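Q: Before anything else, here's the structure in question.
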Amino acid sequence: MQVKGYSMWPTLKPKDRVIVRPLNQHSELPAIGSIIVCIHPQQPSLRVIKRLSSVADNQITILGDCPDASTDSRQWGSISQSCLIGEVVALASTPLKQGS
Amino acid sequence: MLRSALSAIVRSLPASTVEAHCDGPCGVYDPASARVHAEAVLAMTKKLKALEAPASAGDHHAALNTFARFVAVKEDEAQKTKKELLILWTDYFKPEHLATFPDLHDTFWKAAKLCSACKVHIDQGKAEELLAAVEKIHGMFWQSKGRSDAWVTAS
């Protein structure tokens, strides 16, 4: 998947590619601190990438690494664990441009 | 080398988008809004400094009314300038821009402080400094978009 936006800066930047391991309801939950992909709780057509912050009672909280550029559980609150669709297992960074 | 080759292969593959996003940005930004309000601050400051004492006691209330209106507009325009600057600072500019503009935070912070100073005082020097700060931000903004739009003032 290709990253769009800055909410995971500086870990991920726009156009970075990530390889995502799909998860289903029977999968073991990723470890706290993992970068995960989930369904936007209010816009189901969107897939969002954040960091898993906590898990409790089938609810997860997710946060961006760059709070100033992120909408996440600070606004949404905890979201259903069923929104979780994958865990990032590898990253292919976009090379930085010279002079940028 | 193997790692960069693998990265190149991964990057060449088709990929769906995953949003590292912030909800609801319209994506329309322009420092012109801040410039118009900052110009108004300077204009009102000049008008306040040009006010003369009433010629007769009968003109006293009219003069007070004019003074109060000018101050109210100056403060309102300074607050609007600050709001527009904060939108650019916190919504438009991203951490990536710090590489190109290492003084970005300092520039906005000082500009916001100048807005406050222009509200508190009737200080033409501060109003001119504010307009200069907005001009600097105008340059940074358009440079970040790969453009070099001219700085044009309304007054």
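Q: Enter the angle in degrees (range 0 to 90, nearest 10) between the Cα long axis of helix B:2-12 and the first principal axis of the Cα atoms of chain B, meaning the one along which they spread out most.
A: Relative to chain B, helix B:2-12 is tipped by roughly 70 degrees.
Q: For the stretch A:49-95, list whatever residues lose no less than 40 Å² of accessible surface once every protein chain is in place, relative to that chain by itself, with the probe at 1.4 Å.
A: Output list: A:Thr71, A:Ala92.
Q: So which of A:Lys50/B:Lys145; B:Lys94/B:Lys126; B:Lys47/B:Lys74; B:Lys83/B:Lys119; B:Lys94/B:Lys145; B:Lys49/B:Lys110 end up more than 19 Å apart, counting from Cα to Cα? Mind dumping the intermediate values first?
A: Working: A:Lys50/B:Lys145 27 Å; B:Lys94/B:Lys126 28 Å; B:Lys47/B:Lys74 10 Å; B:Lys83/B:Lys119 13 Å; B:Lys94/B:Lys145 12 Å; B:Lys49/B:Lys110 24 Å.
Too far apart for the 19 Å limit: A:Lys50/B:Lys145; B:Lys94/B:Lys126; B:Lys49/B:Lys110.
Q: Let me spell out the model: positive unit charges on the Cβ of Lys and Arg, negative unit charges on the Cβ of Asp and Glu, origin at the Cα centre of the stretch B:29-92. What dipole size does that give, in debye rounded to 20?
A: Roughly 120 debye, rounded to the nearest 20.
Q: Also, quick follow-up: Helix B:104-120 versus the longest principal axis of chain B: what angle, 0 to 90°, nearest 10, using Cα atoms?
A: Here the helix axis deviates by roughly 20 degrees.
Q: When the accessible area of chain B is split by element with a 1.4 Å probe, what percent falls to carbon and sulfur?
A: Result for chain B: 58 percent of the exposed heavy-atom area is carbon or sulfur.
Q: About its Cα centre, what dipole magnitude does the stretch A:34-92 give when the only charges are +1 on Lys and Arg Cβ and -1 on Asp and Glu Cβ, stated in debye to the nearest 20?
A: About 80 debye.
Q: Suppose R0 equals 51 Å; then what is the FRET efficiency for A:Lys15 and B:Phe67 from their Cβ-Cβ distance, rounded to the nearest 0.05?
A: About 0.35, to the nearest 0.05.
Q: Next question, about the same structure. Could you work out, for the protein assembly as shown, what percent of all Cα-Cα pairs fall into each 10 Å distance bin, beginning at 0 Å and stopping at the bin that holds the largest distance?
A: Percent of pairs per bin, in order: 7, 24, 23, 19, 14, 9, 4, 2, 0.
Q: Remind me, relative contact order of chain B in percent, using alpha carbon pairs under 8 angstrom and six or more residues apart?
A: Across chain B, relative contact order equals 31 percent.
Q: Can you compute the helix-only [θ] at 222 nm over chain B? Use -39500 (n - 2.57) per DSSP H run of at least 4 residues, normalise by all residues, nearest 500 deg cm²/dmol.
A: -21000 deg cm²/dmol
Q: Using only DSSP helix segments of four residues or longer, with each worth -39500 (n - 2.57), what per-residue ellipticity at 222 nm results for chain A after dividing by its residue count and rounding to 500?
A: Estimated from H runs of four or more residues: -500 deg cm²/dmol.
Q: Also: Can you find, among A:Gln59, A:Leu46, A:Gly77, the residue farthest towards the positive end of the dipole of chain A? Put +1 on the C-beta of Lys and Arg, -1 on that of Asp and Glu.
A: Of the options given, the answer is A:Leu46.
Q: Please name whichever of B:Val41, B:Ala127, B:Thr100 sits farthest to the positive end of the charge dipole of chain B, dipole taken about the Cα centre and charges placed at Cβ: Lys and Arg +1, Asp and Glu -1.
A: B:Thr100
Q: Separate question: Could you give the size of the charge dipole of the stretch B:30-144 about its Cα centre, using +1 on the Cβ of each K and R and -1 on the Cβ of each D and E, expressed in debye and rounded to the nearest 20?
A: With Lys and Arg at +1 and Asp and Glu at -1, about 180 debye.
The values are calculated or read from the model by the stated rules, or taken from the named source; none is laboratory data. Just so you know, these numbers come straight off a predicted model, no measurement behind them. In this analysis, Cβ positions are derived from the backbone assuming ideal geometry, glycine residues included, and neighbour counts consider all displayed protein chains. What goes into the accessible areas is simple: the full protein's heavy atoms, side chains included, and nothing from ligands, DNA or RNA. Shrake-Rupley method; radii C 1.70, N 1.55, O 1.52, S 1.80 Å.
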